[in-house]
Structure formats: C-alpha cells, structure tokens
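Scroll down for the structure; my scribbles are underneath it.
The values are calculated or read from the model by the stated rules, or taken from the named source; none is laboratory data. All of these numbers come straight from a predicted model, not from anything done at the bench. All Cβ positions, glycine included, derive from the backbone under ideal geometry; neighbour counts span all protein chains shown.
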Ligand SMILES: [Zn+2]
Ligand SMILES: [Zn+2]
C-alpha cells in the first residue's frame with residue numbers, strides 16, 4: 001500500500017494508508033467520506049477534514065475512484081478493473097457491475113470532438129432483492 005502511494009507520487013502518510021486499507025477491506029463496496037471517518041476515527045484519531053483532504057489527494061492521483069450518488073460522493077479503490085456500481089435506493093447497498101459499455105462510446109466521442117477522454121461516471125439505481133422482498 002505504501003509503495004502504491006509512492007509510485008503515484010504521493011507521500012505515504014499514515015492517514016492515506018489507513019483510508020486505502022479501509023476501502024480495500026470493503027471489498028469493492030463504495031464508502032462515503034463520513035463512513036470512512038467513522039471507521040477510522042476510533043483507531044487512528046483522524047479528523048473529518050483530514051479524511052476529505054486525503055480522499056481528494058488520492059482521487060487526484062487515481063488511487064481511489066469517486067462516484068456520485070444523489071449529490072453525495074462515495075469512494076472505492078481504483079482498480080485495474082474499471083467498473084461501476086449499482087445502488088439500492090432504499091438501503092443504499094452497492095453492488096459492483098463489472099462490465100462497462102461506455103469505453104467504445106468514449107473512443108468515438110473522443111474522435112468526434114478531438115477530446116482526450118479521461119473518465120466517466122455512470123449512476124445506476126434500483127431496489128435490491130432484500131428490499132423488494134420487504135415491501
Ligand atoms: Zn436495498
Ligand atoms: Zn465505465
């Protein structure tokens with residue numbers, strides 16, 4: 001983890017390492033800054049603004065991916081496997097979607113507009129089987 005930080009040109013601070021570990025342990029689930037703060041504060045004493053600052057730095061260096069959800073942001077480890085999340089609108093559980101249909105589209109949009117395409121976000125929502133069963 002420390003090495004990954006250094007390779008991307010970031011100093012491997014204790015807080016950054018802790019955040020990356022936390023996200024990795026979430027196993028592909030995206031966490032909000034608030035959830036990270038709640039998990040890390042008891043063990044590391046990190047404060048909210050540090051969590052936000054770290055996330056920003058990690059995002060700028062493409063170590064974490066930020067996803068928008070209803071005006072809020074959540075984060076997950078940026079993997080080699082580009083993917084998106086499907087989120088349940090009732091319990092906010094997230095499920096990773098491993099295929100992305102947008103890469104081909106990005107390429108042709110890039111050609112048409114002359115843009116160097118960097119990234120995209122895709123927000124998908126639904127109602128998970130658990131919530132659907134509860135009614
Ligand atoms: Zn649900
Ligand atoms: Zn995609």
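Go over the candidates 76, 100 one by one and state the one that is surrounded by 14 or more Cβ atoms within 10 Å (Cβ to Cβ), within 16 Å of ligand 2 (Cβ to nearest atom) and in a loop (DSSP other than H, G, I, E, B).
Result of the check over 76, 100: 100.
Quick check, is residue 36 closer than 30 Å to residue 134 by Cβ and touching a helix residue (DSSP H, G or I) at 6+ places or on another chain (Cβ under 8 Å)?
It is true that residue 36 is closer than 30 Å to residue 134 by Cβ and touching a helix residue (DSSP H, G or I) at 6+ places or on another chain (Cβ under 8 Å).
Cβ-Cβ below 6 Å, separation at least six or inter-chain, first residue in the stretch 36-61 and closer than 21 Å to residue 118 by Cα, second not in a loop (DSSP other than H, G, I, E, B): which pairs?
That search, which allows pairs on different chains as well, returns 55/33; 55/75; 58/64; 59/66.
Residues of the stretch 1-50 being under 21 Å from residue 92 (Cα atoms) and more than 14 Å from the chain's Cα centre (by Cα), which ones?
37, 38, 39, 40
In the set 51, 46, which member is surrounded by 15 or more Cβ atoms within 10 Å (Cβ to Cβ) and outside any helix (DSSP H, G or I)?
It is 46.
Please go through the stretch 103-124 and give me each residue that is under 21 Å from residue 32 (Cβ atoms) and surrounded by fewer than 14 Cβ atoms within 10 Å (Cβ to Cβ), ordered by number.
119, 120, 121, 123, 124
Taking only the stretch 103-129 into account, find how many residues are part of a loop (DSSP other than H, G, I, E, B) and free of Cβ contacts under 8 Å to residues at least 12 places away in the same chain.
Adding up the residues that qualify gives 6.
So how many residues does the stretch 54-73 have that are part of a loop (DSSP other than H, G, I, E, B) and over 26 Å from residue 90 (Cβ atoms)?
Number satisfying all stated conditions: 3.
Out of the stretch 79-135, which residues are touching a helix residue (DSSP H, G or I) at 6+ places or on another chain (Cβ under 8 Å), within 16 Å of ligand 1 (Cβ to nearest atom) and at pLDDT 90 or above?
88, 90, 91
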